[in-house]
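Engineer: Attaching a single structure in structure tokens format; questions to follow.
The values are calculated or read from the model by the stated rules, or taken from the named source; none is laboratory data. Note that the structure is predicted; figures quoted are calculated from it, not measured. For neighbour counting, all protein chains shown are included, and Cβ atoms are generated from backbone atoms with ideal geometry for every residue, glycine included.
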Amino acid sequence: MADLLGYKCPCCGAKIEFNSSSQQMKCPYCDSEFDVASLQSYDEILNQQPADTGEMAWDNDAGCDWEPGEAEGMRVYKCQSCGGEVMADGTTAASQCPYCDAPVIMTGQLSGQLKPDYIIPFQLDKEAAKKALAKHMEGKPLLPKVFKSQNHIDEIKGVYVPVWLFQADVDAQIQFKARKERSWSDSNYHYTETSYYSVSRAGNLAFENVPVDGSEKMDDTVMESLEPYDFSKSVNFQTAYLSGYLADKYDVDAETSVVRANERIRQSTRDEFGKTVKGYSGFEIEHENIGLKNGETHYALYPAWLLNTSWNGKKYFFAMNGQTGKFVGDLPADKAKAFLFFLIGALVSGILAWFISKQNVLITAIAALVVGGIVLGILWSQLKSVAKQNAAAAYVKKDSFRLTYQKDVYLYKKTDKRPIQK
């Protein structure tokens with residue numbers, strides 16, 4: 001038993017002691033009790049976990065050099081305001097920056113850039129982008145009515161956005177701490193019993209063409225909001241596809257983009273493994289070891305329609321996926337309408353809570369505020385379509401996920417009680 005005295009409580013982390021009355025290990029701080037066998041089993045599981053190597057190495061041999069004479073017809077335009085540079089073929093002139101709407105000037109021919117490996121050609125035209133903007137503003141009660149009538153499109157530009165594509169095979173071992181809960185009551189107390197389990201999972205999966213925006217001027221969150229693109233419709237790059245469109249020059253290199261690719265791949269790996277933890281009330285990750293192999297990087301151009309609009313002295317930026325038609329862009333809110341909908345939601349729920357709770361003022365007030373806030377939150381979220389994509393679920397290769405090891409071990413249980421108010 002002496003070697004158990006150095007153990008820490010799995011619940012709060014404090015040093016545990018042997019309790020002679022219960023013949024179990026007990027924490028003097030949170031009063032949790034553990035049988036010796038479960039504690040030893042838990043410690044063995046933790047000691048078996050390998051250190052997280054964090055090995056997320058990539059082959060960054062993306063893009064290729066232009067063939068002799070291939071880039072001679074390309075022209076480069078530089079924004080006078082934000083400094084962004086876009087390129088186009090000799091037949092396509094640019095007068096305004098597609099990002100900030102400021103004037104641009106031609107600075108010369110293309111140089112010092114890699115040639116893309118792939119390109120997804122535009123599938124939708126400018127008229128489709130205009131119609132998508134109109135539809136984007138429909139069915140949103142909090143949107144000011146005058147925004148629709150007074151909102152003017154300043155510029156619509158079809159732009160090929162540079163993206164770095166990452167694909168790899170992932171091996172992972174993840175240790176979860178899971179719990180099951182059950183509740184009951186007697187005449188004096190409400191009881192909640194929580195049983196804890198150590199859940200081990202190991203396996204592998206593959207990711208294909210996880211995109212990371214290669215342009216500083218293109219908002220990364222906007223570009224991620226336009227996902228997913230269908231890479232199966234991509235083709236080998238040829239300058240002919242640029243005719244009539246602009247192409248942004250990458251100014252974020254592949255090595256820098258690796259950080260974001262790793263973040264998204266790690267999160268999706270956690271999510272996929274988490275789906276296998278079933279039958280529990282909840283769980284969290286205690287330890288993980290996620291590494292990849294066969295990592296490859298490619299350079300591609302993805303199509304997007306960029307729309308700059310003006311209303312009430314402010315600029316609004318919208319974007320549409322030039323392949324799928326997905327449209328994003330945050331809209332303004334009418335604060336007076338927002339307050340009105342909050343009051344309506346709070347009033348209706350307050351009246352119902354008043355009668356259901358037998359005219360309890362506190363319960364009525366809480367219910368009114370909660371429901372009013374929920375109503376407002378739902379309507380407000382309709383105006384916000386730009387959101388960061390922290391995972392890469394759309395790029396998990398179909399049927400690639402395989403579990404190579406799984407084990408669930410019971411650890412201990414803890415019972416809490418609270419008195420019933422009478």
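Engineer: Show the residue pairs meeting these rules: Cβ distance below 8 Å; 6+ apart or different chains; first residue within the stretch 276-294 and touching a residue at least 24 places away in the same chain (Cβ under 8 Å); second residue in a strand (DSSP E or B) and among the acidic types (D, E).
Structural biologist: What qualifies is S281/E181; I290/D171; G291/D171; L292/D169; L292/D171; K293/D169; K293/D171; N294/D169.
Engineer: Could you please find all residues in the stretch 247-265 being touching a Pro at 6+ places or on another chain (Cβ under 9 Å) and surrounded by fewer than 22 Cβ atoms within 10 Å (Cβ to Cβ)?
Structural biologist: Of everything in the stretch 247-265, those that are touching a Pro at 6+ places or on another chain (Cβ under 9 Å) and surrounded by fewer than 22 Cβ atoms within 10 Å (Cβ to Cβ) turn out to be K249, D251, V252.
Engineer: A further question on this structure: Filter the stretch 215-228 down to residues that are among the polar types (S, T, N, Q) and over 13 Å from the mean Cα position of the chain (by Cα), then give me how many there are.
Structural biologist: As a first pass, look at the stretch 215-228 and keep what is among the polar types (S, T, N, Q): 215, 221, 225.
Filter once more, so that each one left must be over 13 Å from the mean Cα position of the chain (by Cα): 215.
Within the stretch 215-228, residues that are among the polar types (S, T, N, Q) and over 13 Å from the mean Cα position of the chain (by Cα) number 1.
Engineer: State the number of residues belonging to the stretch 350-386 that are farther than 30 Å from H136 by Cα and touching a Gly at 6+ places or on another chain (Cβ under 7 Å). First the steps, then the outcome.
Structural biologist: Applying the first criterion (farther than 30 Å from H136 by Cα) to the stretch 350-386 yields 350-368.
Filter again for touching a Gly at 6+ places or on another chain (Cβ under 7 Å), leaving 364, 367-368.
Going through the stretch 350-386 one residue at a time, the tally reaches 3.
Engineer: Within the stretch 369-393, track down each residue that is out of contact with any strand residue (DSSP E or B) (no Cβ under 9 Å at 6 or more places or on another chain) and more than 30 Å from A346 (Cα to Cα).
Structural biologist: To start, the set of residues in the stretch 369-393 that are out of contact with any strand residue (DSSP E or B) (no Cβ under 9 Å at 6 or more places or on another chain) comprises 369-384, 388-391, 393.
Selection gives K388, Q389, N390, A391, A393.
Engineer: Still on this structure, please answer the following. Scan the stretch 315-371 residue by residue and report those that are within 30 Å of M223 (Cβ to Cβ), of a type in the set (K, R) and not in a helix (DSSP H, G or I). Give the steps one after another, and end with the answer.
Structural biologist: First, pick out the residues of the stretch 315-371 that are within 30 Å of M223 (Cβ to Cβ): 315-335, 338.
Keeping just the survivors that are of a type in the set (K, R) gives 315, 326, 335.
If the condition is that a residue be within 30 Å of M223 (Cβ to Cβ), of a type in the set (K, R) and not in a helix (DSSP H, G or I), then K315, K326 are the ones that fit.
Engineer: To continue, here is another question. Look through P121, P98 and report the one residue that is surrounded by 15 or more Cβ atoms within 10 Å (Cβ to Cβ), assigned to a loop (DSSP other than H, G, I, E, B) and at pLDDT below 85.
Structural biologist: Working: P121 fails: at pLDDT below 85.
Result: P98 is the single residue among P121, P98 that is surrounded by 15 or more Cβ atoms within 10 Å (Cβ to Cβ), assigned to a loop (DSSP other than H, G, I, E, B) and at pLDDT below 85.
Engineer: Also, I was wondering about something else. Residues in the stretch 226-235: is at least one in the same structural domain as H298 (by TED's automatic domain parsing), part of a strand (DSSP E or B) and either surrounded by fewer than 20 Cβ atoms within 10 Å (Cβ to Cβ) or modelled with pLDDT of 90 or more (or both)? Explain how you work it out, then say what you get.
Structural biologist: From the stretch 226-235, those in the same structural domain as H298 (by TED's automatic domain parsing) are 226-235; that's our starting set.
So of that shortlist, the ones also part of a strand (DSSP E or B) come out as 235.
Checking the rest, the ones that are also either surrounded by fewer than 20 Cβ atoms within 10 Å (Cβ to Cβ) or modelled with pLDDT of 90 or more (or both) come to 235.
Checking the stretch 226-235: at least one residue is in the same structural domain as H298 (by TED's automatic domain parsing), part of a strand (DSSP E or B) and either surrounded by fewer than 20 Cβ atoms within 10 Å (Cβ to Cβ) or modelled with pLDDT of 90 or more (or both).
Engineer: Pull up the stretch 376-407, narrow it to residues that are out of contact with any helix residue (DSSP H, G or I) (no Cβ under 8 Å at 6 or more places or on another chain) and of a type in the set (V, I, T), then point me to the one that is modelled with the lowest pLDDT.
Structural biologist: Top of the filtered list is I378.
Engineer: With the condition kept exactly as written, say whether any residue in the stretch 272-281 is in contact with a strand residue (DSSP E or B) (Cβ under 7 Å, 6 or more places away or on another chain), among the polar types (S, T, N, Q), farther than 29 Å from A88 by Cβ and surrounded by fewer than 17 Cβ atoms within 10 Å (Cβ to Cβ).
Structural biologist: To start, the set of residues in the stretch 272-281 that are in contact with a strand residue (DSSP E or B) (Cβ under 7 Å, 6 or more places away or on another chain) comprises 272-273, 276-277, 280-281.
If we keep only those that are among the polar types (S, T, N, Q) too, we end up with 276, 281.
Cutting the leftovers down to farther than 29 Å from A88 by Cβ gives us 276, 281.
Checking which are surrounded by fewer than 17 Cβ atoms within 10 Å (Cβ to Cβ) leaves us with 276, 281.
Yes: the stretch 272-281 contains one or more residues that are in contact with a strand residue (DSSP E or B) (Cβ under 7 Å, 6 or more places away or on another chain), among the polar types (S, T, N, Q), farther than 29 Å from A88 by Cβ and surrounded by fewer than 17 Cβ atoms within 10 Å (Cβ to Cβ).
Engineer: Please pick out the residue among D399, D416, D408 that is part of a loop (DSSP other than H, G, I, E, B) and acidic (D, E).
Structural biologist: Working: D416 fails: part of a loop (DSSP other than H, G, I, E, B); D408 fails: part of a loop (DSSP other than H, G, I, E, B).
Of D399, D416, D408, the one residue that is part of a loop (DSSP other than H, G, I, E, B) and acidic (D, E) is D399.
Engineer: One residue is enough: does the stretch 287-297 have a residue meeting the conditions assigned to a strand (DSSP E or B), of a type in the set (S, T, N, Q) and loosely packed, with under 14 Cβ neighbours inside 10 Å?
Structural biologist: Our first condition is that a residue be assigned to a strand (DSSP E or B); within the stretch 287-297, this holds for 287-297.
Remaining after also requiring of a type in the set (S, T, N, Q): 289, 294, 297.
So of that shortlist, the ones also loosely packed, with under 14 Cβ neighbours inside 10 Å come out as 294.
Yes.
Engineer: Also: If K314 satisfies every condition in (1) loosely packed, with under 14 Cβ neighbours inside 10 Å; (2) farther than 28 Å from L246 by Cβ but one, which is the exception?
Structural biologist: If we test K314 against (1) loosely packed, with under 14 Cβ neighbours inside 10 Å; (2) farther than 28 Å from L246 by Cβ, just (2) comes out false.
Engineer: OK, next. What are the residues in the stretch 147-177 that are touching a residue at least 40 places away in the same chain (Cβ under 8 Å) and in a helix (DSSP H, G or I), if any? Talk me through it step by step, then tell me what you get.
Structural biologist: At the first step, the residues of the stretch 147-177 found to be touching a residue at least 40 places away in the same chain (Cβ under 8 Å) are 147, 150-177.
Those that are touching a residue at least 40 places away in the same chain (Cβ under 8 Å) and in a helix (DSSP H, G or I): F147, Q150.
Engineer: Taking the conditions exactly as written (in contact with a Gly (Cβ under 6 Å, 6 or more places away or on another chain) and buried (at least 18 other Cβ atoms within 10 Å of the Cβ)), does A168 satisfy them or not?
Structural biologist: Details: in contact with a Gly (Cβ under 6 Å, 6 or more places away or on another chain): yes; buried (at least 18 other Cβ atoms within 10 Å of the Cβ): yes.
In short, yes.
Engineer: Moving on. Please work out if V212 is more than 20 Å from the chain's Cα centre (by Cα), modelled with pLDDT of 95 or more and outside any helix (DSSP H, G or I).
Structural biologist: Details: more than 20 Å from the chain's Cα centre (by Cα): no; modelled with pLDDT of 95 or more: yes; outside any helix (DSSP H, G or I): yes.
No, not satisfied.
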